[in-house]
Amino acid sequence: MTAPARIAIVDYGAGNLPSVERALQKLGAETERATDPRQIESARAIVVPGVGHFGAFVAGLRDRKLTEPLRAAFEAAKPMLGICLGLQAMFASSEEAPGDAGLALFPEQVRALPTNVKSPHIGWNQLRRTRESRLLRGIPDDAYFYFAHSFAAPASAQPTVAACEHGFPFAAVIERGSLAGVQFHPEKSGETGAQVLRNFVESIP
């Protein structure tokens, strides 16, 4: 029998950790809240949830000395999932905090949703798949997911595998090697969101 996957959930000092934690544990994953670089280094997989302000998020990572371990985990092809602001932090920067660098795993800048649409974008929306996606395996094309955000990475970003439209096409799901990210909240997206997390957990070697 395979041992439960031990997943480090990055704890940067705020956010939606309890709900993500519960959703993963319900799938049989063993989790721990990671506030120390050694926890990132020893984990079998990493989840980076985030809500709030981009600047506060990346400052929280820096203060806990987690920025470089996360970059190293990406280079080492360790399974990693960013959720909401956790996806945005994978990019170089954000218009929300122009002076604060993200993890810069991808070069694009996260942009504010335009003024001609309601912001924040809160509620259920559908995706448009642009490439095959392991996170969306077994999920119907017309499925809905729950979003809550005011900023987003452009759909033109290279790792985008599914986009969503709200003022402009933005990256709703990204995948590159063992790294993945979702702009929506899978832990708030019912059984469809649970399937996304299940697909991630099952991808952990």
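Some values worked out for this structure:
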quantity: Those residues of the stretch 48-103 which are touching a helix residue (DSSP H, G or I) at 6+ places or on another chain (Cβ under 7 Å) and aromatic (Phe, Trp, Tyr), in sequence order; calculated: Phe54, Phe57
quantity: Residues (part of a strand (DSSP E or B) and surrounded by fewer than 18 Cβ atoms within 10 Å (Cβ to Cβ)) located in the stretch 74-96; calculated: Ala92
quantity: Cross-chain or 6+ apart pairs with Cβ under 6 Å, the stretch 165-181 first and modelled with pLDDT of 95 or more, then among the polar types (S, T, N, Q); calculated: Ala171/Thr160; Ala172/Gln183; Val173/Ser133; Ile174/Thr160
quantity: Condition broken by Pro169, with the remaining ones in (1) closer than 24 Å to Leu70 by Cα; (2) open to solvent by 10 Å² or more (accessible area, probe 1.4 Å) satisfied; calculated: (1)
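Matching residues to (1) hydrophobic (A, V, I, L, M, F, W, C); (2) open to solvent by less than 40 Å² (accessible area, probe 1.4 Å); (3) part of a loop (DSSP other than H, G, I, E, B); (4) in contact (Cβ under 8 Å) with a residue 40 or more places away in the chain:
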position: Pro49; (1), (2), (3), (4): no, yes, no, yes
position: Val58; (1), (2), (3), (4): yes, yes, no, yes
position: Leu61; (1), (2), (3), (4): yes, yes, no, yes
position: Lys65; (1), (2), (3), (4): no, no, yes, no
position: Pro69; (1), (2), (3), (4): no, yes, no, no
position: Ala72; (1), (2), (3), (4): yes, no, no, no
position: Pro107; (1), (2), (3), (4): no, no, no, no
position: Val110; (1), (2), (3), (4): yes, yes, no, yes
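Conditions (1) more than 13 Å from the chain's Cα centre (by Cα); (2) open to solvent by less than 30 Å² (accessible area, probe 1.4 Å); (3) more than 21 Å from Phe57 (Cβ to Cβ), marked per residue:
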residue	(1), (2), (3)
Val117	yes, no, yes
Leu127	yes, yes, yes
Leu135	no, yes, yes
Ala143	yes, yes, yes
Gln183	no, yes, no
Lys188	yes, no, no
Asn199	yes, yes, yes
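The values are calculated or read from the model by the stated rules, or taken from the named source; none is laboratory data. Bear in mind that the values here come from a model prediction, so they are computed numbers and not experimental data. Cβ sites come from the backbone with ideal geometry, for glycine too, and all protein chains shown count toward neighbours. Note: accessible area is taken over every heavy atom of the protein model, side chains too, but ligands, DNA and RNA are not part of it. Shrake-Rupley method; radii C 1.70, N 1.55, O 1.52, S 1.80 Å.
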